[in-house]
1. Give the residues of the stretch B:39-78 that are open to solvent by 10 Å² or more (accessible area, probe 1.4 Å), part of a loop (DSSP other than H, G, I, E, B) and either farther than 15 Å from B:Gly95 by Cα or more than 10 Å from chain A (Cβ to nearest Cβ) (or both), sorted by residue number.
2. Residues in the stretch A:168-183 that are open to solvent by less than 10 Å² (accessible area, probe 1.4 Å) and either within 14 Å of chain B (Cβ to nearest Cβ) or in contact with a Phe, Trp or Tyr (Cβ under 7 Å, 6 or more places away or on another chain) (or both): how many?
3. So which residues in the stretch A:191-222 are part of a loop (DSSP other than H, G, I, E, B) and either open to solvent by less than 30 Å² (accessible area, probe 1.4 Å) or closer than 20 Å to A:Ser38 by Cβ (or both), if there are any at all?
4. Could you run through the stretch B:223-239 and say how many residues are surrounded by fewer than 24 Cβ atoms within 10 Å (Cβ to Cβ) and closer than 20 Å to B:Leu289 by Cα?
5. Residues to consider are A:Gly310, A:Gly266; find the one that is more than 12 Å from every other protein chain (Cβ to nearest Cβ) and either at pLDDT below 95 or at positive phi (or both).
6. Just a yes or no: is a residue in the stretch A:50-63 modelled with pLDDT under 95 and among the β-branched types (Val, Ile, Thr)?
7. Residues that are touching a strand residue (DSSP E or B) at 6+ places or on another chain (Cβ under 9 Å) and free of Cβ contacts under 8 Å to residues at least 60 places away in the same chain: list the helices (runs of 4 or more DSSP H) wholly contained in the stretch B:87-188 that include at least 1 such residues.
8. For the stretch A:4-38, how many residues are open to solvent by less than 20 Å² (accessible area, probe 1.4 Å), among the aliphatic types (A, V, I, L, M) and either at the interface with chain B (Cβ under 10 Å from one of its Cβ atoms) or closer than 23 Å to B:Arg311 by Cβ (or both)?
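The values are calculated or read from the model by the stated rules, or taken from the named source; none is laboratory data. Quick caveat, the model's predicted, so the values are computed rather than measured. Glycine gets a Cβ as well: all are built from the backbone with ideal geometry, and neighbour counts include every protein chain shown. Calculation scope for accessible area: heavy atoms of the full protein, side chains included, ligands and nucleic acids excluded. Shrake-Rupley method; radii C 1.70, N 1.55, O 1.52, S 1.80 Å.
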Protein chains: 2
Amino acid sequence: MCAFVAGAGIFRTLSFSLERVRIVVFAADHGVCAEGVSAYPQSVTGQMVLNFLGGGAAINCLAQAGGIDLQVVDVGVATSLPPLENLVQRRIAPGTRNFCIEPAMTADEMLSAVHVGIEMAEQAAADGYDLLGFGEIGIGNTTPASALTAALTGLPAVAVVGRGAGADDTCLARKISVVERALALHSQSLKDPLEMLIHIGGLEIAAMTGFCLGCAANRRPVLMDGFIATCAAALAVRMHSSVQDYLFASHGSVEPGHRHLLALLGQRPLLDLEMRLGEGTGAALSMKLVQAAAVAFTRMSTFSSAGVSGRTTPGCA
Amino acid sequence: MCAFVAGAGIFRTLSFSLERVRIVVFAADHGVCAEGVSAYPQSVTGQMVLNFLGGGAAINCLAQAGGIDLQVVDVGVATSLPPLENLVQRRIAPGTRNFCIEPAMTADEMLSAVHVGIEMAEQAAADGYDLLGFGEIGIGNTTPASALTAALTGLPAVAVVGRGAGADDTCLARKISVVERALALHSQSLKDPLEMLIHIGGLEIAAMTGFCLGCAANRRPVLMDGFIATCAAALAVRMHSSVQDYLFASHGSVEPGHRHLLALLGQRPLLDLEMRLGEGTGAALSMKLVQAAAVAFTRMSTFSSAGVSGRTTPGCA
């Protein structure tokens, strides 16, 4: 229902269309992987970008099934990728630095990454897309997302850190410790979303924050993917609360931090399928629901126009 | 995940497709409306059938958005409908009789209605549809569905009767009383699903039961719509337990009886959007999810085939 009303509100007409859809996937690496927070080696980020471009990943299959245009953006993959058709190359750095030791990025890097996201939103609007979605790939990125969620919500690390792509108990304990140390180290530098991104963020997260800002500025409804995407969106809302009106939660992730972010944003996700994959897969699966709601809102007959009798007064025949 | 595995199991191959999809909507009226169990007059059933054929209803919009073929079958609408292109005319009677006084239908009528459903499933399979769905229209039909749910589960009327299409408190109390009286009147004649259909069923419910049997017999996965459709499916499973392997729950209805039926079937619905419309709308919305899962299952690369590094042993880097 909110999708119906919001669509009309965003487009300022009762006859809008959500036919043309695009999902943008932002990729980057994370220096904090040096702390051993992921079950997979960092090289997987670049390999998965190549998999996206080759059409073999889950997001490719779901985008194909949904008639969704897919755009892949390298904002900071550690592996240097060759120039590739279909890859939007905006690499700012070979990943972030280890935020257990130093800030994840410089202010310039953060702003550049935010601008990449804004650029992609503006390009999507200029290309005529009606409904957008976004997701990410970045080995280790549930750790910065958890740290940012703790900073945004004030919750302790233990409440917002999860197993990501399959951490075992030892790894989970290490992730909690890493987030606690990072929050302590940067505690004086987490006053606003830009500072948070610089100190405990990620390049793809900053880009997604920019993407949300750009979608709102260009009046495009936008589907958040899971935990990391929602974290980026929450930072954008913290910057400018009206961004909230353009955001739709696609699915509820199994990552424990996600429900806290959704509560912060006052969002209920369209799907709850116990997914935790990222890549924009949740956004892709829910896009058809939003499109279907838009078709029903804009084209359905009323009882009156269809010649159907109304309710017999009052309440019950 | 179950959709992935079930798809391969149903089609007995790893390379199945769910591209061609059809939803069948069965329409019929209910003599129990004489007891004042609905907020809408019985004439709405026929008017909504005309609305379906004119393309103006919610199910038309959602079917259009999802690329779904829609078939509308008159199994027993009270209003005599003229011969109409696109209407499958299989009217068995002008609705059921009031089951607070007498059995809803004869054994012959029940068997004819079940056969209509089987025929529609066989036709869909012959027409080359891979994935099917079904729904209904029938003013007053949450009352027989509630009575049947009570008979199937052993739960009291008060636990399974809801507000249908907008009953107020007075109407709700009347529905509960009607279901209690019907269960008492027919208590000796509810031993098996066929008897249940004869005494407290509906023509469209019997047809949907037949449709489930026909889908299973023709090895076609089938999406149940909401409360009334799931009730029909539960009757089919009671007749032959292997029908269960072909059923998928599309959404969780707000009707209280629905969750009891889903529990009985061991099903968790794909969507939970607080809908209570019927018409096959839940089946239509969830169809793309099942199709997307099938595309991911049949076409996604493995890490190995995509050249992606595996997990670093054991558990965590």
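1. Answer for the stretch B:39-78, where residues must be open to solvent by 10 Å² or more (accessible area, probe 1.4 Å), part of a loop (DSSP other than H, G, I, E, B) and either farther than 15 Å from B:Gly95 by Cα or more than 10 Å from chain A (Cβ to nearest Cβ) (or both): B:Tyr40, B:Gly55, B:Gly67, B:Ile68, B:Ala78.
2. Total satisfying the criteria: 4.
3. Result: A:Gly201, A:Gly202, A:Pro221.
4. Of the residues in that region, 0 qualify.
5. Answer to the check: A:Gly266.
6. No - not one qualifying residue is present in the stretch A:50-63.
7. Once the helices (runs of 4 or more DSSP H) in the stretch B:87-188 are filtered for at least 1 residues that are touching a strand residue (DSSP E or B) at 6+ places or on another chain (Cβ under 9 Å) and free of Cβ contacts under 8 Å to residues at least 60 places away in the same chain, what remains is B:107-126.
8. 6
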